[in-house]
Structures are given as C-alpha cells and as structure tokens.
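The values are calculated or read from the model by the stated rules, or taken from the named source; none is laboratory data. Everything numeric in this text was worked out from a predicted model, so none of it was measured. Cβ coordinates were reconstructed from backbone atoms using ideal geometry, including for glycine residues, and neighbour counts include every protein chain displayed. Just so you know, the surface numbers come from the protein's heavy atoms only, side chains and all, with ligands and any DNA or RNA stripped out. Shrake-Rupley method; radii C 1.70, N 1.55, O 1.52, S 1.80 Å.
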Amino acid sequence: DVKVTQSSRYLVKRTGEKVFLECVQDMDHENMFWYRQDPGLGLRLIYFSYDVKMKEKGDIPEGYSVSREKKERFSLILESASTNQTSMYLCASRGQNQETQYFGPGTRLLVL
Amino acid sequence: QKEVEQDPGPLSVPEGAIVSLNCTYSNSAFQYFMWYRQYSRKGPELLMYTYSSGNKEDGRFTAQVDKSSKYISLFIRDSQPSDSATYLCAMSADAGNNRKLIWGLGTSLAVNP
C-alpha cells in the first residue's frame, strides 16, 4: 500500500512566520504535488515536482516555494505566512505513467 | 466558465437509495476520468478510473463517461451511511508525465440510516 505522510495534522502560526510543511512518500514515486483545498474553491495545485530538484508552478504558486532534495520528500514553504494562507494543505504522489494520485491526510493550517 | 463543473450539493439520501453524481466539462481533449472520495478531515482516495468513453463497474459503484456530451457520472447502488463523504471528479487530457489533473469542486453526500 502506498503511504503518503504529512508532518503535521494541525498547525497554528502567526502572520509573518516562515512555515514548513513536509511530505514523505514510500513508493518511490517520481511525481509529487502540493494542493490547497478551500470551501467553494476546491483543490488547487500550488506546485508539483516530477523529479529530484525539479519543480513546476501550479495554478497558485504566489507566496509559496518548494524543495525536493530527495525523491521521497517534498516540502512546501510559506516564506511569510499570511491569514489568506489559512487552508487545508494536501500532498500527493504519483508513479511514472500512472494516473492515480495518492494523497496524504492533509495539514490544516491556521494563520493568525 | 470553469473547465470542470460539479454541483457541490449537499445531497442527502436515505440508506439503500441509488445515488447519481455528475460532472460536466468543456475541454474535449480530456480522456482520463477519475472519481475520488474524501471523508471528512482526510485526503482524497481514488474510487474509480476510466479511460475514454464507456462504463466501468466495481461492486456498488459504476462510472460512466459520455464524451459526446462532455458528461461523466458516478452511480452508487444500495448506498450505505459509510458512503457519506465528498466525491470529487478529476480529469486530464494526456498521459504525459507533466500532465495535471483538473478537479471538480466535489459533491457532499450524506446517506441517512
């Protein structure tokens, strides 16, 4: 079974703090994704990575950066958290030439 | 107009009912169609995957794709309270490794005992 884990289930941060969200997958998948999910807006892709050290912007990359130093780990960084980044953050991974994305349990981030 | 439209509901049905969930889309290039189920406070999990047109059945679940109408459906037979979740449709145009999934907003379903 594919397992995607995220470092925290719940996180509370202050405006202006630097926030790190970590995601680890154990299936040697090449592709990893970060989404945020908000009521009425659905799932929106922030960044994805198709290989170590490779990244591409998704639909809403502003205010975020990512890091993929190892194949199994994909980090999302909020350089200076703002209240409009309060959201549910979901990480996913997918194998090469596969359709299925496997999701982690999500991190619910509250920025005060 | 969004590329993928999905009625967010909520949809409330009695246990045992047949449930029909739908998405419409505008991009005729979409060929890969998926339904994900998301329980409250969990990540989505793949429920059904269909390539191109036609039907696919898995237990109580049937996925249908009508490319001519740009319409996909998920049917749940003999619905159970454990089916209460949000159902998201997702689709993509090609099989290239950099492809992105385009997501519907999700339909919230409650199956009442």
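Here are a few things to note about the model shown:
- Positions within the range B:58-76 being part of a loop (DSSP other than H, G, I, E, B) and loosely packed, with under 14 Cβ neighbours inside 10 Å, in sequence order: B:GLY59, B:SER68, B:SER69
- Restricting attention to the range B:85-108, the residues being over 30 Å from A:GLN96 (Cβ atoms) and surrounded by fewer than 21 Cβ atoms within 10 Å (Cβ to Cβ) number 1.
- Taken over the range B:2-56, residues that are of a type in the set (Phe, Trp, Tyr), open to solvent by less than 50 Å² (accessible area, probe 1.4 Å) and either outside any strand (DSSP E or B) or on the phi > 0 side of the Ramachandran plot (or both) amount to 1.
- A count restricted to the range A:66-92 and to residues that are open to solvent by less than 30 Å² (accessible area, probe 1.4 Å), over 20 Å from B:TYR36 (Cβ atoms) and among the polar types (S, T, N, Q) stands at 2.
- Pick from the range A:34-50, criterion within 9 Å of chain B (Cβ to nearest Cβ) and in contact (Cβ under 8 Å) with a residue 12 or more places away in the chain, ranking: farthest from B:LEU105 (Cα to Cα): A:TYR50
- Put simply, of A:GLY95, A:GLY106 the only residue that is out of contact with any helix residue (DSSP H, G or I) (no Cβ under 6 Å at 6 or more places or on another chain), surrounded by 19 or more Cβ atoms within 10 Å (Cβ to Cβ) and not polar (S, T, N, Q) is A:GLY106.
- Of the residues making up the range B:64-79, those that are β-branched (Val, Ile, Thr) and in contact (Cβ under 8 Å) with a residue 40 or more places away in the chain number 2.
- Evaluation of B:LEU109 against (1) more than 9 Å from every other protein chain (Cβ to nearest Cβ); (2) under 25 Å from A:ILE60 (Cβ atoms) (one fails), failing number: (2)
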